[in-house]
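Encoded as structure tokens, the structure appears first; notes follow it.
None of the figures in this text is laboratory data; all of them are computed from the coordinates on show. Everything numeric in this text was worked out from a predicted model, so none of it was measured. Please note: Cβ atoms are built from the backbone with ideal geometry, for glycine as well, and neighbour counts cover all protein chains shown.
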Amino acid sequence: MSGRPSKREDAKRPSTEEKYSTKQERILRAAIGVLAERGFHRTTIHDIAQAAGVADGTIYLYFKNKDQLLIELFEEVMARALRLFRDALREEQEAEGKLRAFLHTHLRLVEHDPEVAQIISVELRQSSIFIKEYKNPLFGEYLKIIGEILQEGIEEGVFRSDLRPSLITRAIFGAMDEISLAWLLSRRDLSLEESAEALCEMILQGVRRCPVSAPSGA
């Protein structure tokens, strides 16, 4: 009997690419727990390898160093988040509804996966490579979505025509980031759902086009 696997057995075996993806995914998933628990600077490649159940050297088959691992984790999370944002926005027809959907989706993602949120909001900023060298194209896509919503509202006539979308976009992100950080550091005793709604109202009050008041005595 030949020791060579049959065609059927060959078909069941994962390809090299599938093996790569599976093991890389396992490493990334393990890194989330370790980084959230120990922090970026206290986490070693050995810690991540142990959590993933692989040898230390295996990590370097997929990632150049800890900084690159963190960046790839960020890219995976952002790619998934961008898909969710676009899905949520497709259900809305007007700019106000889209802005509400965006804010609620962002904070819902934080609440749903606090370990990942902690890595994005806290640990990522500990990487000098991420801060100084990484071009961050996916974050640019994230900001672009907010900017497009604001521009759409201006064109609809519901948002003020004197808005500077690039500036307001950064302000909106900053507000959501601060709320997320406060929730993560306060042992999550805040209601992110209530925070999202309060933030929506505050932002909309600021960007809505004010109706023209009738002259006094008219």
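Based only on the alpha carbon positions, what is the Kirkwood hydrodynamic radius of region 15-63, in angstrom?
On the way: mean 1/r = 0.0923 Å⁻¹.
In region 15-63 this quantity evaluates to 10.8 Å.
Please report, in debye to the nearest 20, how large the charge dipole of region 60-179 is about its Cα centre when each Lys and Arg carries +1 at its beta carbon and each Asp and Glu carries -1 there.
Values: 16 positive and 22 negative charges, 74 e Å.
The calculated dipole for region 60-179 is roughly 360 debye.
Stretch R164-E94 to full length: gain in nm at 0.36 nm per residue minus the Cα-Cα span?
Working: separation 70, 0.36 × 70 = 25.20 nm, distance 1.92 nm.
The span from R164 to E94 would gain 23.3 nm if fully extended.
Would you calculate the separation in nanometres between label points at K144 and A198, each defined as 7 Å from the Cα along the Cα-to-beta-carbon direction?
3.4 nm
So, R0 is 25 Å and r is the distance between the beta-carbons of L190 and D87; what FRET efficiency does that work out to, to 0.05?
Numbers: r = 26 Å, r/R0 = 1.04.
Efficiency for this residue pair is about 0.45.
Got a sec? Charge dipole of region 86-215, +1 on Cβ for Lys and Arg, -1 for Asp and Glu; which of L143, I131, W183 is way out at the positive end?
I131
What helices does the chain have that are whole DSSP H segments, at least 27 Å long along their own axis by Cα, and with mean Kyte-Doolittle hydropathy of 0.5 or more?
Numbers: long enough: 16-38 (32 Å, -0.72); 66-90 (36 Å, 0.06); 137-156 (28 Å, 0.16); 165-185 (30 Å, 1.05).
Qualifying helices, which must be both long enough and hydrophobic enough, are 165-185.
Going through the cross-link list K23/K98; K98/K135; K64/K135; K23/K135; K64/K132, which pairs have a Cα-Cα distance over 29 Å in this structure? If you can, show how the numbers build up before the last one.
Values: K23/K98 37 Å; K98/K135 27 Å; K64/K135 17 Å; K23/K135 26 Å; K64/K132 17 Å.
The answer is K23/K98.
Full-extension gain between A175 and R209, please, as 0.36 nm times their residue separation minus the C-alpha to C-alpha distance. Numbers along the way, then the final one.
Working: separation 34, 0.36 × 34 = 12.24 nm, distance 2.11 nm.
Between A175 and R209, full extension yields an extra 10.1 nm.
If each Cα of the chain is one equal point scatterer, what is log10 of I(q)/I(0) from the Debye formula at q = 0.08, 0.09 Å⁻¹?
Treating every Cα as an identical point scatterer, log10 I(q)/I(0) equals -0.40, -0.49.
What number, rounded to the nearest 500 deg cm²/dmol, is the helix-based mean residue ellipticity at 222 nm of the chain, given -39500 (n - 2.57) per DSSP H run of at least four residues and division by all its residues?
Numbers: 11 runs with 157 residues, N = 218.
Using -39500 (n - 2.57) per qualifying helix, the result is -23500 deg cm²/dmol.
Using just the Cα positions, wrap region 103-157 in a convex hull and report its mean projected area in square nanometres, one decimal place. The partial results should precede the final answer.
Numbers: hull surface 19.1 nm².
So the mean shadow area of the Cα hull is 4.8 nm².
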